[in-house]
Each structure stands twice: as C-alpha cells, then as structure tokens.
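Down below is the structure, laid out as structure tokens.
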Amino acid sequence: MVLTIAILTAVLSYLIGSINTSIILSKSIYGTDIRTSGSGNAGATNMLRTHGKGIAIATLICDVLKGAIAIVLASWADNALNDFAKTAILTPFENQYILGNLKYIAGVFVALGHDFPVFFGFRGGKGVATSLGVAITLDWQVGLIVAAVALLIMASSRYVSLGSICAAALYPFVLFTYLMAKEQSNLDDKIGYIIMSFVLALLLIIKHHSNIKKLRLGTENKLFAKKEEPESEEIKEDE
C-alpha cells in the first residue's frame, strides 16, 4: 500500500506539472502555441516577450501554484501514511525511503511534468516557477532567499536565465545551511529533501543549456531589451 501511494503521488504530481500554463493560455487566448513564437520556450519570459506583462504574470502565478499544489497534496498523503504506519508493519524500504518523503518525490515529479509534459509532446518549459513553488511551499524562508537572489541578479544583469541558473545552483546549499541551523546537525530524516533540491537544481541547469551557451557567447537576450535579430535554432530559447 505504501509503495502504491508513492507511485500514485509521483504520477499525480507529474500530471499536475504537465498542465503547461503558457501553452494553454497562448492557444486559448491568442490561437497560437507559444512554442512557435519568440524563443520557442513554453515559459513566462517568452510569454512576456511575445504577449506582454499581464499574460506573463498569469503564467508565472499558475506555474508557481502547480508546484505548491503538488507539495500540499503530497503532504496530506505523507500525514496519512504516518498515521497508517503506527498500526501497520512496513518494509525497511518503505520505512527508509518512502515514509515522510512523499512531498520530496512530488517536488521532483511536478518539475519533470513541467519540463516534459505528457499532454504536449514532452516539450515544456524550464521549471523555474514550478520549482520556486515547490521550494516556497516546503520552506518559505529558503524559497524567498533563493527568489531574492534570482531577482537581484536579474535586476542587475537583466538576464533572466542568469538569475535562474545562479538561484538553482545556490538552492541546495541554502537549504543545507538552513536545515543544519534548524535541525542542529540532525539531518537523518531530511536526506530526501536534500536530494530533491540537488535534482531540481540539476534539472533546471540542464534545461538552460542553450542559455548558458548564449551567455558565454554574449548573445543572450536581456530583459526588456528591444526585439533582437532572429537567432539560429542551435542557440534559440530563453527562460
């Protein structure tokens, strides 16, 4: 039963992540798939550059909420499993790797759903807003610190991708420091949380591979910059 609930949590979280807001909104409001416009990325920044601030903000909020909803649902399941475990005999695997870790499993799979949505040919966004929703819902202090770093870098450099990449790389280390202070070095029950943070960071950085190349070449698009010349397909895509 415990393993079944873990699998269902992963599947449900993935499906929640697969509901790509930018694609749905662009198709329903403008009649075009956002992936055929601008950078071709299914995310809030491309919505901003292609359709303006209002729809971009709506996309951002919905993507953050996807991560938050997945964590809330998984937390409910975690609590139910903890109650069940008091009267049931669990296997060592269930005790060590599943009990108390459902929300971290959900965090990884909702990001995977956003990045590779089953409903849209596995071509999604880069998971920044959804990962932020996961981080804030799990520990709002950590999430806000990481978000503040991202915003500071974006504001100073005007590169959305640079702020996102730096924040992702910083997330596991901010989380580890926070947990060390909060748990007073007892992190035995937080290993799943730490692993999740590294997986989310790695996923986000990998999805920004084209942006990293463009940053190195000095051809990355700046936020609110005038419309750039058409880019080659090889280095196309932004946040």
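Quick check on this structure: which one of G127, G100, G121 is surrounded by fewer than 16 Cβ atoms within 10 Å (Cβ to Cβ), on the phi > 0 side of the Ramachandran plot and at pLDDT 80 or above? Steps first, please.
Details: G127 fails: surrounded by fewer than 16 Cβ atoms within 10 Å (Cβ to Cβ); G100 fails: surrounded by fewer than 16 Cβ atoms within 10 Å (Cβ to Cβ).
Going through G127, G100, G121 in turn, the sole match is G121.
Right, F109: over 23 Å from L48 (Cα atoms), free of Cβ contacts under 8 Å to residues at least 40 places away in the same chain and not small (G, A, S) or not? It is false that F109 is over 23 Å from L48 (Cα atoms), free of Cβ contacts under 8 Å to residues at least 40 places away in the same chain and not small (G, A, S). Can you confirm whether segment 146-155 contains a residue that is closer than 25 Å to I69 by Cα and touching a Phe, Trp or Tyr at 6+ places or on another chain (Cβ under 7 Å)? For segment 146-155, residues closer than 25 Å to I69 by Cα and touching a Phe, Trp or Tyr at 6+ places or on another chain (Cβ under 7 Å): present.
Every listed requirement among (1) aliphatic (A, V, I, L, M); (2) at pLDDT 95 or above; (3) over 29 Å from L223 (Cβ atoms) is met by L179 save one, (2).
Does segment 81-98 contain any residue that is within 14 Å of the chain's Cα centre (by Cα) and in contact (Cβ under 8 Å) with a residue 40 or more places away in the chain? Taking every residue of segment 81-98 in turn, none turns out to be within 14 Å of the chain's Cα centre (by Cα) and in contact (Cβ under 8 Å) with a residue 40 or more places away in the chain.
Residue check: D78 meets all listed conditions (1) within 25 Å of A135 (Cβ to Cβ); (2) surrounded by fewer than 18 Cβ atoms within 10 Å (Cβ to Cβ) but one, namely (2). When you check T36 against the structure, is it polar (S, T, N, Q), under 23 Å from S210 (Cβ atoms) and within 16 Å of the chain's Cα centre (by Cα), yes or no? So T36 does not fit the description; no. Quick check on L202: is it within 23 Å of G113 (Cβ to Cβ) and modelled with pLDDT of 90 or more? Against the criterion (within 23 Å of G113 (Cβ to Cβ) and modelled with pLDDT of 90 or more), L202 qualifies.
Of the candidates L217, L152, L170, L223, the single residue that is farther than 30 Å from I98 by Cα, modelled with pLDDT of 95 or more and more than 13 Å from the chain's Cα centre (by Cα) is L152.
Can you name every residue in segment 39-86 that is closer than 19 Å to Y104 by Cβ and among the polar types (S, T, N, Q)? S75, N79, N82 - these are the residues of segment 39-86 that are closer than 19 Å to Y104 by Cβ and among the polar types (S, T, N, Q). Suppose the filter is crowded, with 19+ Cβ neighbours inside 10 Å and either basic (K, R) or within 18 Å of the chain's Cα centre (by Cα) (or both); does A70 pass it? The answer is yes for A70.
Conditions (1) among the charged types (D, E, K, R); (2) at pLDDT below 95; (3) not in a helix (DSSP H, G or I), marked per residue:
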{"position": "W76", "(1), (2), (3)": "no, yes, no"}
{"position": "L81", "(1), (2), (3)": "no, yes, no"}
{"position": "E94", "(1), (2), (3)": "yes, yes, no"}
{"position": "Y104", "(1), (2), (3)": "no, no, no"}
{"position": "G107", "(1), (2), (3)": "no, no, no"}
{"position": "S131", "(1), (2), (3)": "no, no, no"}
{"position": "V134", "(1), (2), (3)": "no, no, no"}
{"position": "T137", "(1), (2), (3)": "no, no, no"}
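On the basis of being outside any loop (DSSP other than H, G, I, E, B) and in contact (Cβ under 8 Å) with a residue 24 or more places away in the chain, does L179 make the cut? No.
The values are calculated or read from the model by the stated rules, or taken from the named source; none is laboratory data. Every value quoted in this text rests on a predicted model; they were computed, and no experiment measured them. Cβ: placed from backbone, ideal geometry, glycine included. Neighbour counts: every protein chain shown.
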